[in-house]
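What follows is a set of notes on a single structure, which appears directly below.
No lab work stands behind these numbers, since they all come straight from the coordinates. In this text, all values refer to a predicted model and were calculated from it rather than measured experimentally. FYI the Cβ positions are ideal-geometry reconstructions off the backbone, even for glycines, and counts take in every protein chain you see.
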Amino acid sequence: MDPVKATFAGGCFWCTEAVFRQLDGVIDVVPGYIDGHLEDPDYERVCHGNTGHAEAIELTYQPDQISYQTLLEVFFLTHDPTTLNRQGHDIGTQYRSAVFAHDLAQLQLASDMVATLEASGRYEAPVVTEVKMAPRFYPAEHFHHDYFSRNQTAGYCQVVIAPKLYKLQEQHPELLKA
């Protein structure tokens with residue numbers, strides 16, 4: 001099977017990238033910006049929160065090794081889909097929760113997942129994750145790529161990213177790269 005793309009926004013792209021890099025079947029993960037009104041956005045302008053972009057990751061995966069459904073499950077496991085425009089201390093529309101589908105099958109699976117989570121009672125608050133077709137994705141500046149592996153001892157990485165990785169490792173060790 002040919003590799004397929006998936007795009008998720010779940011708060012800071014450093015966190016989301018670090019999580020999905022751990023998964024067997026994920027070939028590449030690129031942090032970047034999506035769904036805004038400014039062409040060629042950069043980190044400084046997006047951080048001000050007035051470009052409309054979300055920090056996101058665009059990943060390439062092998063669907064015969066990991067399913068889109070599994071990617072969605074990991075996405076919802078490793079961030080809070082009930083906080084509007086916020087993940088932890090990261091606040092602003094650029095930190096919103098969103099799934100950007102690359103085809104109608106992804107759009108349906110993501111919509112179904114949101115509906116299932118809503119009906120499950122798993123969360124005390126409503127799920128606010130946006131589900132829509134993927135507009136243009138802009139890769140982030142190079143220094144954002146693979147941020148966690150290059151900065152593991154940094155405070156943000158230890159306090160925010162490491163617990164997400166631990167949660168994934170504890171709950172789904174079978175999904176991790178060897």
Exposure proxy check: Cys47, Cys12 ranked by fewest other beta carbons within 10 Å? Cys47, Cys12
What helix-only [θ] at 222 nm does the chain give? Using -39500 (n - 2.57) per DSSP H run of at least 4, over all residues, to the nearest 500, the answer is -9000 deg cm²/dmol
Listed residues Thr16, Thr51, Thr153; largest mean-square fluctuation, Gaussian network over the chain with Cα springs below 10 Å, found at Thr153
Pulled fully out, how much extra length does the chain show between Asp24 and Gln65, if you take 0.36 nm times their separation in residues and subtract their Cα-Cα distance? 14.0 nm
With Cα springs under 10 Å, the Gaussian network model of the chain assigns the largest mean-square fluctuation among Arg86, Arg45, Arg122 to Arg122
Expected unfolding gain across Glu44-Ile91 under the 0.36 nm per residue rule, minus the alpha-carbon gap, is 15.4 nm
Could you give me the percent of Cα pairs per 5 Å distance bin for the chain, shortest bin first, beginning at zero and ending with the bin that holds the maximum distance? 1, 9, 18, 22, 23, 16, 8, 2, 0
Can you list the lysines whose alpha carbon is less than 17 Å from that of Lys164, not counting same-chain residues fewer than 8 positions off? Lys177
Taking the Cα-to-Cβ direction at His37 and at Asp103 and moving 7 Å from each Cα, how far apart do the two end points lie in nm? 3.3
May I ask you to evaluate 6.51 cos²θ - 1.76 cosθ + 1.60, the Karplus curve with θ = phi - 60°, for each residue of the stretch 145-153 and list the ³J(HN,Hα) values in order in whole Hz, giving x for glycine and proline? 5, 6, 4, 4, 5, 8, 9, 4, 8
In a Gaussian network model over the chain where Cα atoms closer than 10 Å are linked, find which of Ala54, Ala98, Ala162 has the largest mean-square fluctuation. Ala162
